[in-house]
Amino acid sequence: MIAEKALLGSFLKANYLIKDTIIRPDHLVDARNRQLLQTMIDLTGKGKNIDIISLSTLANFEDFGGISYLNDLQSFGNAEKFQDYEDLVLEVWKEREKQNILTLAQNEDWEIDKIMTRLEGINQAKLDDYTSIDTALIDKFEAPWTEKSVKGGVQTGIKKLNNMTNGFQDSEVTIIAARPSMGKTDVVIHFAKQAGWQGYLPIIFSLEMPEASITDRLLASTGGFNRMRMRNLNKGLSDEQKEQWPNIITRVSETKIQIFDGAGQSVQEMRAKTRKMVHQFPDRKPIIFIDYLTLIRSAEFYGGNAHLQVTEISKNLKGMAKEFNCPVICLAQLNRSVEQRQEKRPMMSDIRESGSVEQDADLIIFLYREKYYDKNSSSDVLELIVAKNRNGPVGIVPSLYNEYTGEITDVLNQRSV
């Protein structure tokens, strides 16, 4: 392979590159090249120079192909293009390893989680995660004299929440936590629609609710239909609502929401499915929604230790957000302790297995409705309590929630789209 020759030739021309590279002998295809690279690494570790003369004194010199082969390698070498050669060798190794993993998985009947974990490990091997401080400072130098607009994230459709968070940000994980039936799924559907109408690609992983229910909620909240009517549309909708129906279908279709409703999905599976969607919709940036945290399957069982499982999942969610450079919004259940307090508004400790979640999340939002606890209340206010905001203030954001249609609106009672 020419890239391997160019890489080795560059080492011969610039010995210091051997200490800088992450390429290992097993990354190379040619057995002769693997042996030569290992020899170069060993000699460099002993403080010796690497050149054709010094290599020619070794007992196994002919195993490398002799003088003619080393001269051939050196002719391909170019220290200035070394980074390109590294990238090429690594990419070829990745493809080769993926095929090896798939073959081994088929022969040994691996479970899907093990396959996905191994494949993700290959995908994450990269060379482009380095930035020198000089490079980082170039864009900052003129900043005090240059007017620059603040980069907004994915807008939420709730003005005060946008002001506090600047929207959902790339590479950040948001946890939305509440007790069952508080409105978590409707809030996620609201955020997903907002993202879709802004030109993003909302990907919903619904680990509990089937796709048909998600679709019904999307239509009901968009059209302002009572969800009870969705059970029998022919009899449930009025003539006026039926006239609106085609427009509602079109409006929801414009969101380009993608729904995966398989139970017990792992983060590795979600990554693979997200990658497929990204390739399918190259003009749209993804935003990932997961319903909900403790239904995600961990890659390891950890003897049934829920804390360790959630810790792994939490870190993997953060890794997924960084890998796709997109927001990840994940729902979480609160434990029963909140029910036993006089003050029902949630706290961090109410999140199930909260330690790792609290640490890894960039934004934590609790949901609270007075009407949930006081059935005599006529309030339709849904509080979004921003309890953690890594890059901004915390506080309570009121919104209006129609529990019959699932629609979320701003406190001004204006439809957000």
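Residues checked against (1) within 24 Å of the chain's Cα centre (by Cα); (2) closer than 17 Å to LEU363 by Cβ:
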| position | (1), (2) |
| --- | --- |
| PHE168 | yes, yes |
| THR185 | yes, no |
| MET230 | no, no |
| LYS242 | no, no |
| ILE248 | no, no |
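Taking the listed residues ALA31, ALA59, the one that is modelled with pLDDT of 85 or more and either more than 16 Å from LEU12 (Cα to Cα) or exposed (fewer than 13 other Cβ atoms within 10 Å of the Cβ) (or both) is ALA31, with no other qualifying.
Which of the residues belonging to segment 277-304 are surrounded by fewer than 12 Cβ atoms within 10 Å (Cβ to Cβ) and either part of a helix (DSSP H, G or I) or of a type in the set (A, V, I, L, M) (or both)? Hits for segment 277-304 are HIS279, GLN280, GLY303, GLY304.
The residue that is surrounded by the fewest Cβ atoms within 10 Å (Cβ to Cβ), counting only those in segment 320-343 that are touching a strand residue (DSSP E or B) at 6+ places or on another chain (Cβ under 7 Å) and part of a loop (DSSP other than H, G, I, E, B), is CYS326. Hey, could you check segment 216-272 for residues that are in contact with a Phe, Trp or Tyr (Cβ under 7 Å, 6 or more places away or on another chain) and closer than 30 Å to ARG118 by Cβ and say which is surrounded by the fewest Cβ atoms within 10 Å (Cβ to Cβ)? Ranking the candidates gives PHE260 first.
Pairing each residue of segment 294-318 that is of a type in the set (Phe, Trp, Tyr) with any residue that is modelled with pLDDT of 80 or more and assigned to a helix (DSSP H, G or I), provided the two are 6+ apart or on different chains, yields C-beta distances under 6 Å for TYR302/LEU308; TYR302/GLN309. Every condition in (1) assigned to a loop (DSSP other than H, G, I, E, B); (2) modelled with pLDDT of 90 or more; (3) among the charged types (D, E, K, R) is met by LYS375 except one, and the failing one is (2). Across segment 164-215, the qualifying residues are those that are in a helix (DSSP H, G or I) and β-branched (Val, Ile, Thr), and the one among them that is surrounded by the fewest Cβ atoms within 10 Å (Cβ to Cβ) is THR215. Among the residues of segment 305-315, those identified as farther than 18 Å from ILE364 by Cβ, surrounded by 14 or more Cβ atoms within 10 Å (Cβ to Cβ) and not acidic (Asp, Glu) are LEU308, GLN309.
Pairs meeting the criteria (first residue in segment 260-273 and assigned to a helix (DSSP H, G or I), second residue modelled with pLDDT of 90 or more and not aliphatic (A, V, I, L, M), beta carbons under 7 Å, at least 6 apart or on different chains) are MET270/PHE205; LYS273/PHE260. Applying the criterion of at least 3 residues that are touching a Gly at 6+ places or on another chain (Cβ under 8 Å) to the helices (runs of 4 or more DSSP H) found wholly in segment 1-89 leaves 2-13, 66-76. Residues of segment 300-319 that are closer than 17 Å to MET116 by Cβ and in contact with a strand residue (DSSP E or B) (Cβ under 6 Å, 6 or more places away or on another chain): LEU317 alone.
The values are calculated or read from the model by the stated rules, or taken from the named source; none is laboratory data. This one's a predicted model, so the numbers in the text were calculated from it and none came from an experiment. Note that we place each Cβ from the backbone using ideal geometry, even for glycine, and neighbour counts take in every protein chain shown.
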